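The values are calculated or read from the model by the stated rules, or taken from the named source; none is laboratory data. Everything quoted here is computed from the prediction, not taken from an experiment. Backbone-built Cβ (ideal geometry, glycine too); neighbour counts: all protein chains shown. Keep in mind that these areas ignore ligands, DNA and RNA; they rest on the heavy atoms of the full protein, side chains included. Shrake-Rupley method; radii C 1.70, N 1.55, O 1.52, S 1.80 Å.
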Amino acid sequence: MKRVIELGMGIVLVFAGCAMGAEKPARVASMPAVVPAPAAMDWREGAFALTARSALRFDPSATGAREAAEALAAALRPATGCALPLKPAGGWFANASSDITFAAPEKGAVIGPEGYALRADGKGAVVAAQDAAGFFYGAQTLRQLLPNAAFGGALATNQAWRIPGVEIEDAPRFAWRGVMLDECRHFFGKAAVLRLLDQMALHKLNTLHWHLTDDQGWRLAVDAYPRLAEVASRRPASVMPGDRKAQDGKPYGPFCYTQDDVREIVAYAKARHIRVVPELEMPGHARAAIAAYPELSCRGQPVEPRVEWGVEEEVFCAGNDRVLRFLESVLDEVCALFDSPFVHIGGDECPKIRWKACPKCQSRMKQNGLKDEHELQSWFVRHFDRYLAQKGRRLIGWDEILEGGLAPGAAVMSWRGMKGGQAAVAEGHDVVMTPTDFCYFDYRQFSGNDGYEYIGGLVPLKKVYAFDPCLGIPAYREQHVLGGQANLWSEYIWGQKDLEWKLFPRLCALAEAVWSPAGKRDFTAFSRRMEAHCDRLARMGVNAAPLQPPFAAQWKSGEMANAWRVTSWEIGNWLDKAGTYSVSFTYTHGAHRYDMRKLRLLEDGQVVASDDTSSFTGNARAVATYKLSLPKPRDPAKTYRLQAEVRGDGGGDSNGRIDIEYAGN
């Protein structure tokens with residue numbers, strides 16, 4: 001049966017049920033490559049054509065309709081060269097076949113928060129929504145339905161701007177769909193943040209978690225405490241790229257956002273339906289603030305902002321009332337700058353060594369009947385939970401805030417796996433899931449060396465796509481799962497190039513994980529859509545990593561013969577630690593099968609690992625896999641090569657790639 005959604009201004013959308021296969025137009029082509037995938041999309045007869053006569057129409061009574069039309073027109077004008085004037089819907093030209101219309105559904109139509117319904121065919125294109133965010137996200141989808149040339153900044157000549165006949169019903173699975181950006185270890189600046197907000201908006205991500213204070217730098221100007229901008233925003237040196245034990249000796253900073261910068265960024269985000277959640281770390285990760293105001297620590301001794309990465313022992317003194325007044329004053333200014341209902345207070349990685357030796361902290365514990373320093377941290381968190389609640393805000397912190405007991409209104413961000421979030425949900429707290437093994441984009445995305453430095457770990461694209469924030473949560477408690485986010489810690493991100501390489505395409509996978517219905521997600525289909533979407537990213541100038549991991553080596557036609565011969569390949573930095581590696585030979589094209597045997601790993605010409613298996617790769621077998629065990633970590637001063645006996649079965653026309661992946665100890 002068909003379902004009808006009536007729109008305001010006399011417009012009607014007719015949606016065919018998915019079960020009515022006989023009513024669908026016959027199509028050979030695959031569905032349009034929309035990322036994240038809509039909840040439901042089906043074909044319609046006909047096609048929509050954007051022309052020089054097209055206008056973007058909006059229902060004046062629908063909140064956000066005009067703004068969405070304006071945003072879409074601004075995005076499309078450079079590439080299309082069309083004027084795309086904005087006009088109210090209705091009147092003689094309400095149903096022009098070349099117009100795009102943003103209209104409210106009639107009363108009684110069911111479109112969820114941030115959701116939209118979209119129809120494109122020979123009669124025009126229409127987006128319907130109940131709220132401003134829904135109109136905005138409908139515009140993002142409509143932009144992706146057009147040819148990819150719409151994403152280039154230059155005028156595209158000889159381009160037909162057509163959308164195949166489609167109908168879409170869409171709404172997000174989760175209300176919190178985010179990215180955390182750390183600007184304390186490395187500072188990226190306003191232009192980079194605004195660029196990231198545009199990239200988030202395209203992927204229907206709605207939360208920028210902005211990490212602004214840490215041991216290595218304080219990035220927010222506070223009028224009441226000017227030394228935060230003058231002293232805490234600079235450090236004497238930084239860790240050297242490629243050598244984590246060395247320092248570069250170069251002063252870093254001062255780097256700090258003015259309050260006008262923050263207002264501009266928050267307004268820019270709000271226009272894209274993104275809330276900016278500020279994070280001010282407390283009681284740990286406070287050394288930069290202590291460098292500016294030493295009296296805030298337990299010892300009161302002068303220090304500089306931390307240079308090395310890692311966990312710092314100098315923390316805010318939880319027994320000192322001056323610390324409470326300092327942070328309350330900072331939060332007053334934060335709440336005046338940011339309109340997010342949440343304020344993130346960190347709460348993670350707070351060593352208690354200073355508190356144990358501090359008379360003020362011990363006195364605070366005794367006065368409040370606290371049995372240990374974990375309960376002192378809980379007391380500290382509860383204090384600021386109450387303070388923020390009085391200002392109409394909610395406290396959120398990393399899952400360590402669960403230790404020692406948690407304030408009833410606080411929300412938890414679960415990063416040490418899913419267990420912290422699961423425990424918080426069991427206690428009735430709202431959670432945002434962001435576990436390291438799915439969401440930490442400072443971890444490597446490929447098992448081999450892609451030319452960029454990472455903190456460690458491995459979170460490949462497929463793993464990100466498998467992320468489910470509700471994993472292990474009983475159905476009756478799922479309402480406490482607000483959503484999920486990617487975390488981009490910046491110890492090894494020196495600029496925008498590094499930032500985008502580590503975000504994309506993994507952020508596309510995360511966007512789909514938190515937007516699209518869980519039961520309809522399919523990694524193979526996602527990968528196909530991403531081939532087109534990566535072209536969009538390239539046209540936008542995004543420095544995205546490839547979908548497939550870089551290969552360690554390759555073979556080409558003419559490099560082998562029908563007779564066995566020994567050949568070798570230099571593999572550079574692909575082996576970075578001791579343990580077992582999987583070495584895969586994958587035939588890609590050519591007339592002949594590729595046979596191999598007696599695989600060896602050479603270290604400066606000496607055999608250090610071997611696998612004598614005889615195997616082949618070709619049309620009959622896609623991949624031949626070997627195992628090599630490296631007894632000790634790679635020595636950077638030595639050269640490493642793979643060596644094998646190979647031949648082309650019947651001749652020398654064979655091509656393929658060799659991949660190396662760490663398989664564990």
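Taking each residue of the range 557-568 that is on the phi > 0 side of the Ramachandran plot and looking for partners that are assigned to a loop (DSSP other than H, G, I, E, B) and modelled with pLDDT under 95 with beta-carbon atoms closer than 9 Å, six or more apart or interchain, yields Gly558/Gly652; Gly558/Asp653. Among residues of the range 569-587 that are on the phi > 0 side of the Ramachandran plot, those with a Cβ under 6 angstrom from a residue that is open to solvent by 10 Å² or more (accessible area, probe 1.4 Å) and in a strand (DSSP E or B), sequence gap 6+ or separate chain, pair up as Gly579/Gly664.
Could you tell me whether Ala609 is open to solvent by less than 30 Å² (accessible area, probe 1.4 Å), closer than 13 Å to Val583 by Cβ and in a strand (DSSP E or B)? Taking the combined requirement at face value, the residue satisfies it.
May I ask you to list the residues in the range 43-56 that are surrounded by fewer than 20 Cβ atoms within 10 Å (Cβ to Cβ) and of a type in the set (D, E, K, R)? Once the filter is applied, which keeps residues that are surrounded by fewer than 20 Cβ atoms within 10 Å (Cβ to Cβ) and of a type in the set (D, E, K, R), the range 43-56 yields Glu45, Arg53. Residues that are among the hydrophobic types (A, V, I, L, M, F, W, C) and touching a residue at least 24 places away in the same chain (Cβ under 8 Å) were ranked within the range 615-637; the one that is surrounded by the fewest Cβ atoms within 10 Å (Cβ to Cβ) is Ala620.
Counting just the residues of the range 240-261 that are part of a loop (DSSP other than H, G, I, E, B) and without any contact (Cβ under 8 Å) to a residue 60 or more places away in the chain, which one comes out most open to solvent (accessible area, probe 1.4 Å)?
The first filter runs over the range 240-261 and keeps only residues part of a loop (DSSP other than H, G, I, E, B), leaving 241-242, 248-251, 253-256, 258.
With the extra rule that they be without any contact (Cβ under 8 Å) to a residue 60 or more places away in the chain, the set shrinks to 248-251, 254, 256, 258.
Working: Asp248: 50, Gly249: 59, Lys250: 133, Pro251: 107, Pro254: 68, Cys256: 34, Thr258: 65 Å².
My answer is Lys250.
Condition check ((1) hydrophobic (A, V, I, L, M, F, W, C); (2) within 20 Å of Ala49 (Cβ to Cβ); (3) over 31 Å from the mean Cα position of the chain (by Cα); (4) at pLDDT 95 or above) across all residues:
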| site | (1), (2), (3), (4) |
| --- | --- |
| Ser97 | no, yes, yes, no |
| Ala125 | yes, yes, no, yes |
| Ala129 | yes, no, no, yes |
| Ala133 | yes, no, no, yes |
| Pro147 | no, yes, no, yes |
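Taking the criterion of being over 16 Å from Val231 (Cβ atoms) and surrounded by fewer than 16 Cβ atoms within 10 Å (Cβ to Cβ), the residues of the range 262-306 that qualify are Arg263, Glu264, Ala267, Lys270, Ala271, Arg299. Just to verify a result, which residue in the range 57-113, among those that are touching a strand residue (DSSP E or B) at 6+ places or on another chain (Cβ under 7 Å) and in a helix (DSSP H, G or I), is surrounded by the fewest Cβ atoms within 10 Å (Cβ to Cβ)? Only one residue fits best here, namely Glu70. Whenever a residue of the range 603-614 is farther than 10 Å from Leu628 by Cβ, its partners that are in a loop (DSSP other than H, G, I, E, B), lying with C-beta atoms within less than 7 angstrom and at least six residues away or across chains, give the pairs Glu603/Lys638; Asp604/Lys638; Asp604/Thr639. Restricting the range 536-570 to residues that are modelled with pLDDT of 90 or more, open to solvent by less than 60 Å² (accessible area, probe 1.4 Å) and in contact with a strand residue (DSSP E or B) (Cβ under 9 Å, 6 or more places away or on another chain), the residue that is farthest from Ser610 (Cα to Cα) is Ser557. For the range 184-236, the set of residues classified as farther than 20 Å from Tyr137 by Cα, in a loop (DSSP other than H, G, I, E, B) and of a type in the set (D, E, K, R) consists of Arg185, Asp215, Arg219, Asp223, Arg234, listed by residue number. Within the set of pairs 6 or more residues apart or between chains, which connect a residue that is over 20 Å from Gly664 (Cβ atoms) inside the range 446-465 to a residue that is of a type in the set (Lys, Arg) and in a loop (DSSP other than H, G, I, E, B) with Cβ atoms less than 9 Å apart? Every condition considered, the pairs that remain are Tyr465/Arg521. Within the range 201-229, restricting attention to residues that are among the basic types (Lys, Arg) and in contact (Cβ under 8 Å) with a residue 40 or more places away in the chain, the residue that is farthest from Met413 (Cα to Cα) is Arg227. For the range 439-464, residues that are under 17 Å from the mean Cα position of the chain (by Cα) and either assigned to a loop (DSSP other than H, G, I, E, B) or among the polar types (S, T, N, Q) (or both) total 8.
Checked against (1) surrounded by fewer than 23 Cβ atoms within 10 Å (Cβ to Cβ); (2) more than 18 Å from the chain's Cα centre (by Cα); (3) not in a helix (DSSP H, G or I), Glu478 meets all criteria but (3). Here Lys577 meets each of (1) in contact with a Phe, Trp or Tyr (Cβ under 8 Å, 6 or more places away or on another chain); (2) open to solvent by 50 Å² or more (accessible area, probe 1.4 Å); (3) within 30 Å of Phe151 (Cβ to Cβ) with one exception, condition (3).
A Cβ distance below 7 Å, combined with a sequence gap of six or more or placement on separate chains, defines the contacts here; from the range 486-513, residues that are among the charged types (D, E, K, R) reach residues that are in a helix (DSSP H, G or I) in the pairs Arg506/Leu461; Arg506/Val464; Glu512/Tyr465; Glu512/Phe526.
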